[in-house]
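A quick write-up on the structure given underneath.
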Amino acid sequence: MSLKDTLLELKQTVLNKISVVEDLDSLNQIRIETLGKKGPITEVLRGMKDLTAQERPQVGAFANEIRDVLQTAVEERKRVIEDKVLTAKLSAETIDVTLPGNQIAKGNAHVIQQIIEQLEDQFMGMGYQIAEGPEVEEDRYNFEMMNLPKDHPARDMQDTFYITDEILMRTQTSPMQARMMEKHDFSKGALKMISPGRVYRRDTDDATHSHQFHQVEGLVIDKNITMADLKGTLLKMAQELFGEKHQIRLRPSYFPFTEPSVEVDVSWDEVTDKTQPEDIKWIEVLGAGMVHPNVLAMAGVDPEIYGGFAFGLGPDRFAMLKYGVDDIRNFYLNDVRFLAQFD
Ligand code: FA5
């Protein structure tokens, strides 16, 4: 067989191999075996020294031509294989955007915080400011400026955690009345505020009492404020929170810082024209009254000119009423299964 025929046959065999090879390693192997230094083409070119001077350039050119053809075929096949690999990789990595993702567990505000925030929204809508005060409080604000001098028997109504003789854990949010009245500039208009926060009492825990609970204090001081303003405000608050058909009831009571004083109940159920008064079940939710002149005077407000009403409500009891929770302790056990229900 002539050298030319050998080269032609080699070309065909190699092209056939290249056309079926499926991976880059095998293709590289073919390239090395055919076109490498020890390959048959190099071999042919080396053997040219035995040819005549006339044959040499022809065979040389032919061998180069075949080497070029094979090189091009290798490169083309390489591109085809690389494309196939890339396509396979891309389709394996396709992201299905319609697949549901992993659910991230989301917390929710504590139910009592939710009640407090509803009350804040409601009262801000009526032009009240929101004030927060210290939980570690001076005896002076918690009791004395609330018309409860030392040794006043009514101090027993709120059994107290004392830190020193003069410092205590506040038993009520009422000290915020004195703090806000002291600060307020009455020449700029009325004082209308609510003050939510935690309070502490040495109460024995039971279904409706906790030694740590929440209160929201309310205070309005202006000229010509009457008991009707208090009743209207509390009725609106109760109906917005529990529903239009709920009623409130004011019962005479006693607090040293209000005169007259009342305790306020909300109807457990809706009250319609057909409801008999004796069928209404009432739940006590707050204390209120007209601010005592002594309290005004001690905070530097002239009781001859100004007056107002105050109330202190228990959002824990509100939450019990609104959601039918029969034990206040559930709010403080931090059982996520219970708390997550109020999302
Ligand atoms: C007071 O604390 C007065 N400062 C309220 C007040 C403010 C009256 C302004 C007049 C003017 P009392 O101790 O009744 O009052 O508590 C008020 C509300 O807090 C109660 O109606 C109840 O809803 C809630 N409360 C009282 N003690 C507890 C307790 N141990 N656990 C849970 N809630 C309580």
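The values are calculated or read from the model by the stated rules, or taken from the named source; none is laboratory data. The structure presented is a predicted model; accordingly, all values stated were derived computationally and were not measured. Virtual Cβ from ideal backbone geometry, glycine too; neighbours counted across all protein chains shown.
Assorted remarks:
- Any hit, region 260-271, residues being within 9 Å of the ligand (Cβ to nearest atom) and polar (S, T, N, Q): yes
- So T233, is it in the same structural domain as R170 (by TED's automatic domain parsing), part of a loop (DSSP other than H, G, I, E, B) and either near the ligand (Cβ under 9 Å from one of its atoms) or surrounded by fewer than 21 Cβ atoms within 10 Å (Cβ to Cβ) (or both): no
- In this entry, T226 is excluded by the filter for residues that are closer than 24 Å to D327 by Cα and of a type outside the set (F, W, Y).
- Only one of the listed residues (V291, V301) is near the ligand (Cβ under 10 Å from one of its atoms) and surrounded by 12 or more Cβ atoms within 10 Å (Cβ to Cβ). That residue is V291.
- Selection count where residues are assigned to a helix (DSSP H, G or I) and either aliphatic (A, V, I, L, M) or buried (at least 16 other Cβ atoms within 10 Å of the Cβ) (or both), scope region 175-218: 8
- Hits in region 317-343 - residues which are over 20 Å from L241 (Cα atoms) and hydroxyl-bearing (S, T, Y): Y332
- Residue in region 332-341 that is within 16 Å of T208 (Cα to Cα) and surrounded by fewer than 16 Cβ atoms within 10 Å (Cβ to Cβ) present: yes
- Restricting attention to region 209-221, the residues that are more than 6 Å from the ligand (Cβ to nearest atom) and over 20 Å from L235 (Cα atoms) total 3.
- Within this structure, Q158 passes the test of being within 11 Å of the ligand (Cβ to nearest atom), at negative phi and out of contact with any helix residue (DSSP H, G or I) (no Cβ under 7 Å at 6 or more places or on another chain).
- The residue that is nearest to Y200 (Cα to Cα), counting only those in region 161-176 that are of a type outside the set (D, E, K, R) and within 12 Å of the ligand (Cβ to nearest atom), is T171.
- Among residues of region 106-134, those that are under 15 Å from the mean Cα position of the chain (by Cα) and part of a helix (DSSP H, G or I), counted: 4
- Within region 259-282, if we keep just the residues that are within 11 Å of Q247 (Cα to Cα) and part of a strand (DSSP E or B), the residue that is modelled with the highest pLDDT turns out to be V264.
- Among the residues of region 156-182, those that are touching a Leu at 6+ places or on another chain (Cβ under 9 Å), under 23 Å from G300 (Cα atoms) and without any contact (Cβ under 8 Å) to a residue 60 or more places away in the chain comprise M176, M180.
- In region 238-248, residue nearest to the chain's Cα centre (by Cα) [restricted to those that are loosely packed, with under 15 Cβ neighbours inside 10 Å and among the charged types (D, E, K, R)]: E244
- Just one of the numbered conditions (1) among the basic types (K, R); (2) closer than 19 Å to L313 by Cα; (3) under 38 Å from the mean Cα position of the chain (by Cα) is not true of R155: (3).
- Candidates Y200, Y128: the one that is among the aromatic types (F, W, Y), assigned by TED's automatic domain parsing to the domain that holds G314, touching a strand residue (DSSP E or B) at 6+ places or on another chain (Cβ under 6 Å) and more than 13 Å from the ligand (Cβ to nearest atom) is Y128.
- Condition broken by A288, with the remaining ones in (1) part of a loop (DSSP other than H, G, I, E, B); (2) modelled with pLDDT of 95 or more satisfied: (1)
Residues checked against (1) exposed (fewer than 14 other Cβ atoms within 10 Å of the Cβ); (2) at pLDDT below 90; (3) of a type in the set (S, T, Y):
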site: S2; (1), (2), (3): yes, yes, yes
site: E9; (1), (2), (3): yes, yes, no
site: V20; (1), (2), (3): yes, no, no
site: G39; (1), (2), (3): no, yes, no
site: E43; (1), (2), (3): yes, yes, no
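- Within region 74-96, residues that are in the same structural domain as S19 (by TED's automatic domain parsing) and over 25 Å from K11 (Cα atoms) have Cβ atoms under 8 Å from residues that are modelled with pLDDT of 90 or more and among the hydrophobic types (A, V, I, L, M, F, W, C) in these pairs: V85/L24, counting only partners at least 6 apart in sequence or on another chain.
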